[in-house]
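Here the structure comes first, spelled out in structure tokens, and everything after it is commentary.
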Amino acid sequence: MITNERCLQKIVHIANACIELEFWPSHFKSSNTVVIPKPNQTNYDSPKSFRPIVLLNTTGKFIEKVISNRLQFQLSANGFIDSHQFGGIRQQSTTDAGIYLTHLIRAGWLRQCHTSVLAFDIAQFFPSLNHQFLSLCLKKAGLNTNIIRFFNSYHSNRSTSYSWNSFTSPSFNVNVGIGQGSALSPILSALYLAPIIKTFKKRIKNLNKEIPTDILSFVNDGLLISQEKSYSLSNSFLLCSYNIISKILIDAGLVIEHDKTELFHFTRACHPPNPSINLSSVGGSVISPKPIWRYLGFYFDRKLNFHYYTHFYATKCLSTLSAMKMLGNSSRGLLPIQKRLLYRTCILPIALYGFQLWFFKGAPIVKNITVSQTSFGHISTNSSTIPTVSRRA
């Protein structure tokens with residue numbers, strides 16, 4: 001964060017000049033792409049097992065941040081971003097997406113409907129964004145020609161070198177994609193997806209028989225939602241919707257990674273069926289639901305009990321607390337006040353992640369979380385009188 005007011009004003013002036021002149025300096029177009037292996041992958045023979053992170057000029061990133069904030073405000077003001085788009089947009093976080101989905105499921109139960117979801121992932125999303133399609137999106141959003149021409153300059157004649165461990169390649173020209181390290185990449189990705197979601201909703205309505213399927217997007221993670229009383233009807237609607245969104249994405253230069261597609265059914269019934277779905281007609285395979293579904297860091301069970309979810313994060317907190325013992329004891333190491341700061345910044349956010357989805361007064365699963373709070377009291381001060389997580393929540 002820039003605290004010097006004079007320096008901040010200079011960066012704002014440069015950002016204004018770039019837009020007015022419709023020009024992005026070539027010095028900021030050179031980057032270094034660091035290839036990082038994704039964790040917990042069974043096979044690293046495929047490019048999909050690695051994540052390219054773009055390292056850009058720091059001054060250029062400050063200027064991009066100024067432009068990004070203005071773009072976010074303008075796109076939110078004119079309503080171009082769909083209300084079901086989360087991620088890359090202010091006040092549309094993972095927690096917001098989880099709350100929306102949980103509310104939708106419980107609202108469906110009140111109508112005696114179960115909720116079936118089909119989660120899909122867009123392969124190589126950021127490196128695959130087409131610059132020409134992005135320019136059309138900017139024009140469709142109603143932005144003035146100065147901004148459109150500025151982004152034409154921003155995307156042209158870019159180059160990057162690739163780093164892997166100690167190896168660095170020569171510089172290569174890059175004419176597609178957006179760097180997953182740029183301050184503009186979140187809002188530009190949301191801008192790219194907005195017409196895709198709108199087109200999907202329009203095609204669903206224009207079918208001979210309208211399909212009551214909803215869609216939710218968190219950057220490159222998409223979610224198709226169907227609420228019906230019949231599982232066979234839900235699966236049919238999801239299959240048709242999956243086929244439609246797949247074709248729309250292909251037209252936009254994007255492809256669904258079918259191997260990562262997941263199916264899950266939410267219901268309050270006792271001993272309910274758990275049918276699979278056959279996606280072979282659209283390039284996928286037969287997908288069977290799992291007992292627990294992981295989405296955006298949340299662990300969902302079919303009845304929204306969240307027992308596994310709270311147990312998982314409570315265990316994660318306890319393992320981190322055990323590691324804290326190595327940082328000091330009563331005679332040397334970190335002081336209790338320093339341990340308290342470490343706990344509040346590194347452990348408490350883990351314990352409370354997504355608590356808005358499951359917390360209510362008297363919730364029995366709060367006990368899973370309070371264990372970590374009590375353990376911290378023993379580790380730091382040999383006392384367990386620290387206020388519990390449930391009271392803080």
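The values are calculated or read from the model by the stated rules, or taken from the named source; none is laboratory data. Since the model is a prediction, treat every value here as computed from it, not as a measurement. A quick note on method: Cβ atoms are made from the backbone with ideal geometry, for glycine too, and the neighbour counts reach across all protein chains shown. Ligands, DNA and RNA are stripped out before the accessible areas are found, and what is left, the full protein with its side chains, is counted by its heavy atoms. Shrake-Rupley method; radii C 1.70, N 1.55, O 1.52, S 1.80 Å.
What to note about this one:
- Among 179-189, 292-302, the peptide with the highest mean count of other Cβ atoms within 10 Å heads the list, and the full ranking is 179-189, 292-302.
- Sequence-distant lysines (8 or more away, or on other chains) whose Cα lies within less than 22 Å of residue 205: 140, 229, 247
- Beta-bridge orientation, the chain: approximately 85 percent antiparallel, per DSSP, counting only bridges with both partners inside.
- Pair residue 352, residue 10: separation of 7 Å Cα→Cβ label points (nm): 3.9
- Ordered from longest to shortest, the equivalent ellipsoid semi-axes for region 211-291 are 23, 13, 12 Å, each the square root of 5 times a Cα gyration tensor eigenvalue.
- Long-range HN-HN contacts of residue 161 with modeled amide H, under 5 Å: 31, 32, 33, 172
- Loop-located trypsin sites (Lys or Arg not before Pro) across region 308-343 with a Cβ neighbour count of 14 or fewer within 10 Å are 332, with loop assigned by DSSP.
- Accessible surface of region 254-299, 1.4 Å probe: 53 percent of it comes from carbon and sulfur atoms.
- Compared with the direct C-alpha span, the chain from residue 156 to residue 361 gains 68.3 nm at full extension, assuming 0.36 nm per residue.
- Inter-centroid distance (Cα atoms) of region 144-172 relative to region 274-337, Å: 37
- For the chain, with +1 on Lys and Arg beta carbons and -1 on Asp and Glu, the positive-most of 105, 142, 72 along the dipole: 105
- Along its three principal directions, the equivalent ellipsoid of region 199-336 from the Cα gyration tensor extends over semi-axes of 41, 20, 13 Å, largest first.
- Kirkwood Rh in Å, taken over all unlike Cα pairs in region 42-85: 13.8
- For the pair residue 203 and residue 73, the difference between a 0.36 nm per residue extended length and the Cα-Cα distance amounts to 44.0 nm.
- Once the 1.4 Å probe is applied to the protein heavy atoms, the chain comes out at 53 Å² accessible per residue.
- Helix-derived mean residue ellipticity, 222 nm - over the chain, DSSP H n ≥ 4, -39500 (n - 2.57), to 500: -14000 deg cm²/dmol
- Gain upon complete extension [residue 315, residue 55; 0.36 nm per residue less C-alpha separation]: 90.1 nm
- The simple spin-label model puts a point 7 Å past each Cα toward its Cβ; for residue 43 and residue 251 those points are separated by 3.4 nm.
- Projected onto planes of every orientation and averaged, the convex hull of the alpha-carbon atoms in region 35-191 covers 12.4 nm².
- Dimensionless Rg/Rh of the chain - Kirkwood Rh, Rg from C-alpha atoms: 1.00
- Principal semi-axes of the equivalent ellipsoid, √(5λ) from the alpha carbon gyration tensor of region 160-276, are 36, 19, 12 Å from largest down.
- Per principal axis, descending, Cα span of region 136-181 in whole Å: 45, 17, 12
- Charge dipole (region 212-325, unit charges on Cβ, about Cα centre) - positive-most of 240, 220, 322: 322
- Given R0 = 41 Å, the distance between the Cβ atoms of residue 139 and residue 276 translates into a calculated FRET efficiency of 0.45.
- Spacing of the modelled spin labels on residue 21 and residue 106, each 7 Å from Cα toward Cβ, amounts to 5.5 nm.
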